[in-house]
Structure formats: structure tokens, C-alpha cells
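Structure, as C-alpha cells:
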Amino acid sequence: MKHLLLALSFSAITFISSAQNSGTIIYKETTKLHFNIQGDAPPPANLPTERNAQMILYFTQDASLYMNDPAAKNDGGMVTEDESSEGEHVRIKMDAPDNRTYCDLKNNQKIIQQDFMDRKFLITTDLKSNDWKITGNQKMILNYPCQEAVKQDSDKKITVWFTTAIPVSTGPSSYCGLPGVVLAVDINNGDQTIVATSVSKDVDSTKIQKPTEGKKVTQEEFNKIRDEKMKEMGIQPGSGNNVIIKIDNH
């Protein structure tokens, strides 16, 4: 019996030590668009309904960085041109924001570089891990067994799928704090989704750098700046994915 227990213990140690604890994950991020077009002119007829972006997560046991994938052209097809019957030419271009989320997993700290209205902000907060509810639901994503977790964050219902096969407490954007990497996110029943499309065990750890660009603010200060600016533009804060666009009339 002692030999059997030792053998089982050795097998468990071998399994844990072979678990993936670093790597690179590519995600597809899809956001439904809600336009707020002001003025007397009618909106262009061919406005897109969603924006797609290819994102990347670099991670180790100690830290992670989520950002636009430098190998992808993240305009998401967001160049729209329309010509009215009067000959007026309208061109709308929406570039992907240079948002980055750095997680210091050793010290439970998060740094977010947030693009907003052509300005960058640096927001530092603590990593929170105690507000997720694991439902018991399971499914496979990219051959990884995943578990479902949910939480309510202000006006957002967030559902994520994480895998303990990669026992690192991180994920895309700010969705982390679970006993495994998050491979899929659903916000407000499809208003925004983030889904892993590939997972690699290779990682260039030199890519995992703290964001440094932007004005340092607290989360509360940033929320106040954002909400005040949205009210100035006639947009109700928290009303959905209102993407800031530039419209050139020619």
C-alpha cells in the first residue's frame, strides 16, 4: 500500500509540474457598435454593425500583458465611405484604440493603459479574485477543458470560461483572478465577446512590459472624466459600446 501511495503521489507531482504556466494566446475580440450621430445630415447607409480586432496575451506565472496583436491590422474593416444623392462624400474611419492591460500576478496589481478621446490614461488598481461565481458548467475550447464563471459588474453581466490546464490567474483585458487562464468572455449576452483562437506554449517574456504612456489617474478619476465627456456629447454613460469616430465631410 505504501508503494501504491508513493506512486500516486509521484504521478500527481509529475502532472502538476508539466502543466503549462507560460505562453501566448491569440484572441478574436468582437464588439457590437452603437452610433450616436449628431447633426441634420442622415447617417451613411453602410455603417458597420460590429468591430473585430485580433488581440494577443503574453503570460508567465509572474505577469501578463494583453494588447493589440502587432501582427494584425486592427482596423477591423472600420473604414466606411458613403456618397449622398446631393454628391456629399462622407468618410468614417475608426482606428482600434491602443489599450493595454498589464497584470502583476506576484503583487496582485493591474495597470491599464486606456485610450479615450485621443488621450491616454494610466490606471493602477488591485487585482480582484473573490467576486466570481463558478457555476459548474463545462465545455471544451481549443481542446482545453473549461469551466464557466459569472459575475455582475455595475451594468455588465460577465460570463467567462477558464481552464485549470493552464493554472495561471490571468486572461484577456481585465478578466482574470480565476484558478486558470480565461479563454472566452461574453459581456451582456453578446454585446462584446473575446474568444481564444490559438494557444502556444512559447512566449517572448521581454514583451511583457508595464505600460508607461498616459496620465496617471485612479479608476474613479478616469470614470468621472469619461462620463463627463460622454454627457457633453449627448451620450448616456453606460449605454453600450459607443465608439468615438471621426467624420470628414468632403
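What follows is calculated from the coordinates using simple rules that are stated; it is not laboratory data. Just so it is clear, the model here is predicted, and its values are computed rather than measured. Because the Cβ atoms are built from the backbone with ideal geometry, glycine has one as well, and the counts that use them run over all protein chains shown.
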With Cβ to Cβ distances under 9 Å as the rule, what net charge do the other residues near residue 68 carry (K, R +1; D, E -1)? -1
Radius ratio Rg over Rh of the stretch 177-222, counting only Cα atoms, Kirkwood formula for Rh: 1.06
Using the Cβ atoms and a cut-off under 13 Å, what net charge is assigned to the surroundings of residue 178, where Lys and Arg are +1 and Asp and Glu are -1? +1
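What order, most packed first, do the peptides 53-60, 193-200, 133-140 have when packing is the mean number of other Cβ atoms within 10 Å of each residue?
53-60, 193-200, 133-140
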Residues in the stretch 143-170 reached by a label modelled at residue 134 [backbone nitrogen below 19 Å; 7 Å Cα→Cβ]: 144-152, 158-170
Give the cross-link partners of residue 210 among the lysines, using a straight C-alpha distance below 18 Å as the criterion and excluding same-chain residues fewer than 8 apart. 106, 110, 120
